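Report on the structure given below.
The values are calculated or read from the model by the stated rules, or taken from the named source; none is laboratory data. All values reported here derive from a predicted model rather than from experimental measurement. Here Cβ is always computed from backbone atoms with ideal geometry, including for glycine, and neighbour counts include all displayed protein chains. Calculation scope for accessible area: heavy atoms of the full protein, side chains included, ligands and nucleic acids excluded. Shrake-Rupley method; radii C 1.70, N 1.55, O 1.52, S 1.80 Å.
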Amino acid sequence: MMRQAGRYLPEYREVRERAGSFLDLCYAPALAEEVTLQPLRRFDFDAAIVFADILLVPHALGQDVSFQVGEGPVLEPVYDGASVAALSSAKLESHLAPVYETLDRLSSSLPDHVALIGFCGAPWTVATYMIEGGTSKDRRGARQAAWAAMSSKDHWFSKLIDLLVESSAQYLLGQIKAGAEVLQIFETWAVDLPPTLFQRFCVEPIAEIVRLVHAEHPNVPIICFPKGAGQLANSFCNGVQCSGLGCDAFVNLGEIELDARQSVVTQGNLDPICLLQGGEILDVEVRKIVDQTEVGHHIFNLGHGILPETPIEHVHQMLKALREAEGNED
Ligand code: CP3
């Protein structure tokens, strides 16, 4: 599930309280290992995603990052050439070493049949948080910077994207070395990008990260999640040599036409609000996803993060419906 570990589980809330802040939890390998494993003690998932956050990279680059209760992330905004120049990847590895240690611990503690997933945010999405200073309503400041960079060769926004490409690739390579078997790149705010910007600031940077990682580890699968890409999903898969395409809840899996469909597996699609709702419609929607996809060509998942108020019983129901539907297909 997306946000597999988290606030819908009482045992997570307990550890989170013990850790102090959200970032303290991300940087405490024993506790991060524990919260990664918690959902697997309850549910028979096929994979575990390391507990961390996409905003650890800006933090590692020297930006002030904090998580305020009820408010989400807060960052000291980046807004010009000087604030980009102040960032540095010199301490990236030492800063992110605790995440590598969490992965290292997980590769020993997870059973063999459970895949270990590492991840990072895509440059555009991470840049939006860096520029807006947190989650914003429409990412307007970041979009303005992106358009300005389209007509000025040396613009600070392009430099920021380049820095994020390099740092993210290095971070993902470090995660593989530490034990990650599959990687995921989250482009949560792909929805903000019209086709011209989509190509330049979503497709090209992610394609470069995938190239850099595959140059050293050609066989590690990389799943990309360009949330809200809609009809641009096809051009995304033409431009990025990914193994998997994350789909939000607004994609009709039965109609998705990817030129790369045979080589790219889809993932996701179940609306987190449907999971929250539960009841008969949840069974129907689970079955629908199984019916719309071929065995071996889809990774069952939510279309976005699980909501904190989701009853745990609904997750059991979802998995039961899924296993039954799969059984009928075999
Ligand atoms: O279990 C997992 O999925 C692995 C860990 C993980 C987290 N964040 C932990 C987390 C992953 C893969 C992420 C990705 C992430 N983080 C994304 C991309 C995916 C998406 O959801 O769109 C984004 C945009 C972020 C940035 C971020 N982190 C925001 C905007 C927030 C606050 C909003 C919220 O839900 O509270 C976070 C906090 C966060 N990251 C939580 C968790 C479990 C909630 C933490 C808490 O308060 O205890």
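Values for this structure:
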{"quantity": "Spacing of the two label points (7 Å from each Cα toward its C-beta) at Ser108 and Thr196, in nm", "calculated": "5.4 nm"}
{"quantity": "Rounded to 5, the percent of DSSP beta bridges in the chain classed as antiparallel", "calculated": "20 percent"}
{"quantity": "The range 292-316 and the range 1-67: distance between their alpha carbon centers, rounded to Å", "calculated": "19 Å"}
{"quantity": "Shape category assigned to the range 1-60 from the gyration tensor of Cα positions, a/c cut at 1.5", "calculated": "oblate"}
{"quantity": "Potential extension, Leu258-Thr135 segment - 0.36 nm per residue separation minus Cα distance", "calculated": "41.2 nm"}
{"quantity": "Relative contact order of the chain, defined on C-alpha pairs under 8 angstrom at six or more residues apart (%)", "calculated": "16 percent"}
{"quantity": "Label point at Gln277 placed 7 Å out along Cα→Cβ; residues across the range 216-260 whose backbone nitrogen lies under 18 Å", "calculated": "248-254"}
{"quantity": "Dipole in debye (nearest 20) - the range 10-242, about Cα centre, beta carbon charges: Lys, Arg +1; Asp, Glu -1", "calculated": "500 debye"}
{"quantity": "For the range 254-330, size of Cβ-based charge dipole, Lys and Arg +1, Asp and Glu -1, in debye", "calculated": "180 debye"}
{"quantity": "Charge-dipole axis of the range 91-187 as Lys and Arg at +1 and Asp and Glu at -1 on Cβ define it, positive-most pick from Ser152, Pro98, Ser168", "calculated": "Ser152"}
{"quantity": "Accessible area of the range 10-242 belonging to carbon and sulfur atoms, whole % at 1.4 Å probe", "calculated": "50 percent"}
{"quantity": "Mean residue ellipticity (222 nm) of the chain, computed from DSSP H runs ≥ 4 via -39,500 (n - 2.57), nearest 500", "calculated": "-14500 deg cm²/dmol"}
{"quantity": "Span per principal axis, largest first, for the Cα atoms of the range 105-235 (Å)", "calculated": "48, 30, 27"}
{"quantity": "Inter-centroid distance (Cα atoms) of the range 100-146 relative to the range 183-219, Å", "calculated": "13 Å"}
{"quantity": "Solvent accessible area, Å² - Arg18, 1.4 Å probe, full protein context", "calculated": "150 Å²"}
{"quantity": "Per residue value of the accessible surface for the range 244-287 (all protein chains in place, 1.4 Å probe), Å²", "calculated": "49 Å²"}
{"quantity": "Net lengthening on full extension, Gln144/Leu212 (0.36 nm per residue, minus Cα-Cα)", "calculated": "21.6 nm"}
{"quantity": "The chain: DSSP helices with Cα axial extent of at least 20 Å and average Kyte-Doolittle hydropathy no lower than -0.5", "calculated": "29-42, 92-109, 156-178"}
{"quantity": "Unit charges at the beta carbon, dipole of the range 254-330: most positive-side option, His297, Leu282, Pro308", "calculated": "Pro308"}
{"quantity": "Solvent-accessible ranking of Phe198, Phe250, largest area first, probe 1.4 Å", "calculated": "Phe250, Phe198"}
{"quantity": "With every protein chain in place, the range 254-330: carbon and sulfur % of accessible area (1.4 Å)", "calculated": "48 percent"}
{"quantity": "Candidates per trypsin sites (Lys or Arg not before Pro) in the range 130-178, loop by DSSP, up to 10 other Cβ within 10 Å", "calculated": "Lys137, Lys153"}
{"quantity": "Label-to-label distance, nm, for residues given as Glu71 and Leu307 (7 Å Cα→Cβ offset)", "calculated": "2.5 nm"}
{"quantity": "The range 189-330, relative contact order [Cα under 8 Å, separation at least 6], %", "calculated": "20 percent"}
